[in-house]
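To start, the structure itself, in structure tokens.
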Amino acid sequence: MILVTGGAGYIGSHCVMALLEKGFEVIIFDNLSTGHIETVQTLQNYGNLRFVQGDLLNQCDLKSLFEQNNIDAVIHFAAFSQVAESVKNPKKYYINNVVGTLNLLNAMLDHNVKNIVFSSTAATYGEPVYTPIDEKHPQNPINPYGQTKLTIEKIMDDYNKAYSLKSVRLRYFNVAGADSKSRIGEWHDPETHLIPNILKSTFSGGKTFQMFGDDYNTKDGTCVRDYINVEDLANAHLLALKYLENGGETNYFNLGTNEGNTVKEVFALCEKVTNREIPIEIKPRRQGDPAVLVADNKKAKEVLGWQPEKTLENSIQSAYDWEKILQNRLK
Ligand code: UFG
């Protein structure tokens, strides 16, 4: 059985869907602080899925989770992930992300579970020194969110050396899109990400889309990001699991497409997919946004045999299809 922490959230739920479709038995552990019970209920239609509502900060929850279930490996998503919030309230991030993960790792040791796939981030690299960013790029996070993820990566190195607890750390770039059958999708409140924010402004009552900064040193003045489709990302987790099951050593990989798109390009594609003129307002730069973040994904391709398949337009289309369902649900 595979334990997925944070399986009720955006990326976690897409990974659970991929696991269920491959016939894995899955248990989701989630405190539902940002995840949704409706997402879990949908997932339960697609395979052998147990749900346990619990908190990584609660040792009793963790103890009974591991005692009552035959867990072979862990995929760990549960975390807070808003950069701006982490700057305002670092305590919340260090306690939840770092202490929560330590509790999880210790519970794994207590119950002899030795493999974990961890949801890390491009934010561990900080301001790029060169681009595209490969895994050798220095890791100097510029916000507490990135710092929590880097701290966890370091703890995982120490636990590997001392206790042979094997980890694969997947450093995501900008995750986009939804399930291609529109069963699940991105559902954050508040939403801070580019694509859902552009799409939300096409619905009645939606706010004018705010573009943060058009004076960057890039081809059209807006920030460049590497948008990786959430289903492609989910597949990488399955490959990482297989890598560990086959005796792979502790490792870390970038997950991106090697290609960057500007905010203006994403906006234009959203107008194309939705077939609408979207209201837009140019605002000052958002604090802490690097001009360019693009992944070098060669290592994941070579070692995991991973290959992203979906285009940015595919991601925008699936995000739009899902957003229509979500808007109806929230009416
Ligand atoms: N943007 C807008 N308007 C919006 C939202 C975003 O113009 O309403 C712009 C941002 O300024 C940025 C780009 O769109 O230039 C992408 O912003 P996102 O918030 O979608 O994504 P980020 O690149 O800021 O953040 C993502 C993940 C983080 C992770 C980070 C790594 O969401 O979890 O990449 O740097 F930390």
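The values are calculated or read from the model by the stated rules, or taken from the named source; none is laboratory data. Quantities reported herein were computed from a predicted structural model and do not represent experimental measurements. Ideal geometry is used to build each Cβ from the backbone, glycine not excepted, and the neighbour counts take in all protein chains shown. The accessibility values were calculated without ligands, DNA or RNA, using every heavy atom of the protein model including side chains. Shrake-Rupley method; radii C 1.70, N 1.55, O 1.52, S 1.80 Å.
Checked against the criterion of being more than 23 Å from residue 101 (Cβ to Cβ) and near the ligand (Cβ under 9 Å from one of its atoms), the candidates 195, 184, 133 yield just one match: 195. Within the option set 177, 185, 126, 206, being modelled with pLDDT under 95 and in contact with a helix residue (DSSP H, G or I) (Cβ under 8 Å, 6 or more places away or on another chain) holds for one residue only, 206. Number of residues in segment 165-181 that are assigned to a loop (DSSP other than H, G, I, E, B), within 15 Å of the ligand (Cβ to nearest atom) and touching a Phe, Trp or Tyr at 6+ places or on another chain (Cβ under 7 Å) equals 1. The residues in segment 104-130 that are within 14 Å of the ligand (Cβ to nearest atom), open to solvent by less than 10 Å² (accessible area, probe 1.4 Å) and β-branched (Val, Ile, Thr) can be counted, and the count is 1.
Among the candidates 247, 288, the residue that is farther than 17 Å from residue 120 by Cβ, of a type in the set (Gly, Ala, Ser), touching a residue at least 24 places away in the same chain (Cβ under 8 Å) and not in a helix (DSSP H, G or I) is uniquely 288.
Residues in segment 145-200 that are in contact (Cβ under 8 Å) with a residue 40 or more places away in the chain and among the small types (Gly, Ala, Ser): 146, 164, 167, 176, 177, 178, 180, 182, 185. Residues in segment 138-164 that are within 20 Å of the chain's Cα centre (by Cα) and part of a loop (DSSP other than H, G, I, E, B): 139, 141, 142, 143.
Set side by side, the residues 208, 148 differ, and just one is open to solvent by less than 40 Å² (accessible area, probe 1.4 Å) and polar (S, T, N, Q), which is 148. Residues in segment 1-47 that are among the hydrophobic types (A, V, I, L, M, F, W, C), open to solvent by 20 Å² or more (accessible area, probe 1.4 Å), over 21 Å from residue 188 (Cα atoms) and touching a residue at least 40 places away in the same chain (Cβ under 8 Å): 1 alone. Among the residues making up segment 259-285, those that are exposed (fewer than 15 other Cβ atoms within 10 Å of the Cβ) and part of a loop (DSSP other than H, G, I, E, B) are 275, 276, 277, 279, 284, 285.
Scoring residue 97 on the criteria (1) under 20 Å from the mean Cα position of the chain (by Cα); (2) open to solvent by 30 Å² or more (accessible area, probe 1.4 Å); (3) not basic (Lys, Arg) leaves a single failure, condition (2).
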